[in-house]
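Reading through the C-alpha cells given below for one structure.
Bear in mind these aren't lab numbers, they're just calculated from the coordinates by the rules spelled out. Please read these numbers as outputs of a predicted model, since none were measured by experiment. Positions of Cβ are generated from backbone atoms using ideal geometry, with glycine treated the same way; all protein chains shown enter the neighbour counts.
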C-alpha cells in the first residue's frame, strides 16, 4: 500500500501544480487568471443557400461549449474575450464520382468567418479567420433527408476548431 501511494503521490502533486497555475486546465484551455468573461455574438447568416436554423445552432453550440469547458462567465457585451462570426458558405458539391462520371457521394460544406478579441491579451486576437467543415452523403439520399444530421456533425467539427483556436490555442 505504501509503495503504491509513493508512486501516485508525484503524479497527484504534478496534477495539482498544473491545475493551480491558472493557465492550463485539464479541459485543454489556456485562459489567464484575470480573464473572467466572454461575449459570444450571434453568428449572422451570409451564405447564398439558406439553412434557417444554422445560425442559431452554431451560436448556441459555441456558447454551450464555453459554458461546459471553461470557467468564463458569459456576458452580453464588453467581455474580456469576444467572439463574433458569420456563416459565409453553405455548399453542396460532388465528393466522389463513379467510373461513368456519375456522382456517388455529395459533400455538404459549411464555412464560417470568425473574429476573436482578447481585451486583456491582444496578442491572441485574430480577425476574419475562416473555418470549414464538411460531411459526405450518398446521392441515393436527398439533402433534405440527411441535412439535419449532416449539419449536427458539421457544427460539432466547427465548434471544436473555433474553441481550439480561441482558448486552447492548439
Query raised in the report: How far apart, in nm, are the 7 Å Cα→Cβ label points at residue 68 and residue 156?
Result: 1.0 nm
Report summary line: Sorted on mean Cβ neighbours within 10 Å (highest first), peptides 134-143, 109-118, 75-84 come out as 109-118, 75-84, 134-143
Report task. Mind jotting down the distance between the C-alpha centroids of the range 81-121 and the range 28-64, whole Å? Result -> 15 Å
Query raised in the report: P(r) of the range 35-168 in 10 Å steps, Cα pairs, percent per bin?
Result: 12, 40, 27, 14, 6, 1
Report summary line: Expressed as a whole-number percentage, the relative contact order of the range 54-170 with C-alpha contacts under 8 angstrom and at least six residues apart is 24 percent
